[in-house]
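Take a look at the structure set out below.
What follows is calculated from the coordinates using simple rules that are stated; it is not laboratory data. Everything numeric here is computed off the predicted structure, so don't read it as measured data. Counting neighbours? That spans all protein chains shown, and the Cβs are built from the backbone with ideal geometry, glycine included.
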Amino acid sequence: ERAIARHEVREIEQRHTMDGPRQDTSLDEEEDMVIIYNRVPKTASTSFTNIAYDLCAKNKYHVLHINTTKNNPVMSLQDQVRFVKNITSWKEMKPGFYHGHVSYLDFAKFGVKKKPIYINVIRDPIERLVSYYYFLRFGDDYRPGLRRRKQGDKKTFDECVAEGGSDCAPEKLWLQIPFFCGHSSECWNVGSRWAMDQAKYNLINEYFLVGVTEELEDFIMLLEAALPRFFRGATELYRTGKKSHLRKTTEKKLPTKQTIAKLQQSDIWKMENEFYEFALEQFQFIRAHAVREKDGDLYILAQNFFYEKIYPKSN
């Protein structure tokens, strides 16, 4: 099949040559590809992006970190225009893999002809918040010497919830929904039903694939099968590489059942959890139609569609 495809490409190129010199300097489809991973904090995003960095030289693509001032996930309108223009016209950085803590941005609003491919990973909302709470106090094993914002605060997550502290308040759970909802003001109104519905819509219609932290290897396996131009070799690298489980929050203490139950009384938790379960169901649906299990291992299915009765018949 590859040989036939290469032959057809050569025939097309020869016809272009016969018709005259080619004026089109645009990149072909795969070389023009851009992936945006607008990573949610504390969802194993560092582990995943390290794989992209390790593969970029071998698979010949560029990785760019989107670093916003004070990690603000909402861009100004003028920065949105700059960002869209950079990504769509910066040919020297294509194919490109962009990652950063930035909320979803709809490129269609800016009149671009080809939108980037969005991917993301989300996590159980309480587990994500607990991880972030201790990360701000004790850091992780990625940069152990870096002083974190809440360093020196020894209060446990359980104690924080019992005292009604601000760092563990239910409002702090409101993060994954707005990251998927986008740059509309309503996305950042805590507890907005409209924001959750918009986040669900974007997840289904605007994201190529959204995985979950708890099943990260399966997410990587699906990406390698579907987008080998970027992720060829990613699954093996994740299984055997030293960086795949690199970043672990230190001094993390699991919350008690009482603490979890108290957070689960919140309407905000109920909405974030509904969104998480919605994403998980969609991911498991995609996985079920892409892989088969044998002896405890997952295997990617071979191509299951073919073309026949092709008319008019060629001579």
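Taking the Cα-to-Cβ direction at Phe306 and at Ala226 and moving 7 Å from each Cα, how far apart do the two end points lie in nm?
For Phe306 paired with Ala226, the spin-label model returns 2.5 nm.
Setting aside same-chain residues fewer than 8 positions from Lys94, which lysines have a Cα under 18 Å from its Cα?
List returned: Lys58, Lys60, Lys85, Lys113, Lys114, Lys115.
Given R₀ = 30 Å, FRET efficiency for Lys313-Phe208 by Cβ-Cβ distance, to 0.05? The partial results should precede the final answer.
Details: r = 36 Å, r/R0 = 1.20.
So the FRET efficiency works out to roughly 0.25.
If a/c stays under 1.5 just call it rounded; otherwise compare a/b with b/c (prolate if a/b is bigger, oblate if not). Do that for segment 268-315, with a ≥ b ≥ c from the square roots of the Cα gyration tensor eigenvalues.
Numbers: a/c = 8.12, a/b = 2.06, b/c = 3.95.
Note, shape of segment 268-315 comes out oblate.
Express in nm, to one decimal, how much length is gained between Arg292 and Asp106 on full extension, taking 0.36 nm for each residue of separation and deducting their alpha carbon distance. Before the final figure, lay out the partial values.
Numbers: separation 186, 0.36 × 186 = 66.96 nm, distance 3.43 nm.
The Arg292-Asp106 span can extend by a further 63.5 nm.
So what J values fall out for segment 94-103 if you push phi through Karplus, 6.51 cos²θ - 1.76 cosθ + 1.60 with θ = phi - 60°, rounded to Hz, Gly and Pro as x?
9, x, x, 10, 9, 9, x, 7, 10, 5
Using 0.36 nm per residue of separation minus the Cα-Cα distance, give me the extension gain between Val81 and Asn189 in nm, one decimal.
Numbers: separation 108, 0.36 × 108 = 38.88 nm, distance 2.38 nm.
36.5 nm is the gain from fully extending Val81 to Asn189.
What does the extension gain come out to for Tyr201 and Glu215, with contour length at 0.36 nm per residue minus their alpha carbon separation?
Details: separation 14, 0.36 × 14 = 5.04 nm, distance 2.23 nm.
Here the answer is 2.8 nm.
Show the residues, 5+ positions off or on another chain, whose built amide H is closer than 5 Å to the amide H of Tyr118.
Sorted by chain and number, the residues that satisfy this are Ile36, Phe208.
Using the Cα centre of segment 205-315 as origin and beta-carbon charges of +1 (Lys, Arg) and -1 (Asp, Glu), tell me which of Leu280, Ala302, Gln258 is placed farthest towards the positive end of the dipole.
Ranked along the dipole, the leading option is Ala302.
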